[in-house]
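The values are calculated or read from the model by the stated rules, or taken from the named source; none is laboratory data. Bear in mind the structure is a predicted one, so any value in this text is a computation, not a measurement. FYI the Cβ positions are ideal-geometry reconstructions off the backbone, even for glycines, and counts take in every protein chain you see.
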Amino acid sequence: MTQAPYASDQPWLEAFLRAHGGIAGSVHRRQEDDLLLTASQHLPPPVVAVVARVPKGKGMAGLAFERKAPVQTCNLKTDATGDVRPGAKAVDAQAAVALPVLDERGEVRAIVGIAWKGERELPEPELAALRQAARALPG
């Protein structure tokens, strides 16, 4: 699954999840107007297959790409906003956020996803800290 140029994404994601108490997550790298999955942790195989390539504007990662802003839900399983695609509901987690990682020009270079056990909404200070931590994604 890991794209060769981004082999370091898997260990980076695992460390990111540990540091922030996440139980599942993903890294998608931008390739033109799509996102390619380069790392995942605790995503069921059918979800990995569905999110291997994400178009701009689809699902939480695609919306974060389109909006250049975090997209969050307090419960993946019961979200009714339309931001969470049906496949994401198969992830054994509740609260989740997709964090855009911007390059020096302000363009999205990647999306980092993290999910937790338990329902909650992320307060702005925590969201800002997560965005800052996601910027450490190499390359």
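Conditions (1) among the charged types (D, E, K, R); (2) within 24 Å of E119 (Cα to Cα); (3) crowded, with 20+ Cβ neighbours inside 10 Å, marked per residue:
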residue: A19; (1), (2), (3): no, yes, no
residue: A24; (1), (2), (3): no, yes, yes
residue: D34; (1), (2), (3): yes, no, no
residue: L37; (1), (2), (3): no, no, yes
residue: H42; (1), (2), (3): no, yes, no
residue: V47; (1), (2), (3): no, yes, yes
residue: A52; (1), (2), (3): no, no, no
residue: K56; (1), (2), (3): yes, no, no
residue: G62; (1), (2), (3): no, yes, yes
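Pairs are defined by a Cβ separation below 7 Å, a sequence spacing of at least 6 or placement on different chains, a first member in the range 6-24 that is more than 11 Å from S40 (Cα to Cα), and a second member that is surrounded by 15 or more Cβ atoms within 10 Å (Cβ to Cβ) and of a type in the set (S, T, Y); the pairs so defined are Y6/T38. Restricting the range 7-17 to residues that are modelled with pLDDT of 95 or more and over 22 Å from T73 (Cβ atoms) leaves a set whose member that is surrounded by the most Cβ atoms within 10 Å (Cβ to Cβ) is D9. Of all residues in the range 35-53, which are of a type in the set (V, I, T) and over 17 Å from L102 (Cα atoms)? Of everything in the range 35-53, those that are of a type in the set (V, I, T) and over 17 Å from L102 (Cα atoms) turn out to be V47, V48, V50, V51. Of the helices (runs of 4 or more DSSP H) lying entirely inside the range 1-69, the ones with 2 or more residues being farther than 24 Å from T81 by Cβ and under 13 Å from the mean Cα position of the chain (by Cα) are found at 9-20. Taking first residues from the range 101-128 that are free of Cβ contacts under 8 Å to residues at least 40 places away in the same chain and of a type outside the set (K, R) and partners that are surrounded by 12 or more Cβ atoms within 10 Å (Cβ to Cβ) and assigned to a helix (DSSP H, G or I), the Cβ contacts under 6 Å between residues at least 6 apart in sequence or on separate chains come to V101/A134.
Here is the figure for the range 106-128: residues that are modelled with pLDDT under 90 and in contact with a Ser or Thr (Cβ under 6 Å, 6 or more places away or on another chain) total 0.
For first residues located in the range 45-59 and among the basic types (K, R), partners that are in a helix (DSSP H, G or I) and lie 6+ apart or on another chain with Cβ distances below 6 Å form the pairs K56/G62; K56/F65; K56/E66. Given the structure, is D103 at pLDDT 95 or above and surrounded by fewer than 15 Cβ atoms within 10 Å (Cβ to Cβ)? Against the criterion (at pLDDT 95 or above and surrounded by fewer than 15 Cβ atoms within 10 Å (Cβ to Cβ)), D103 qualifies.
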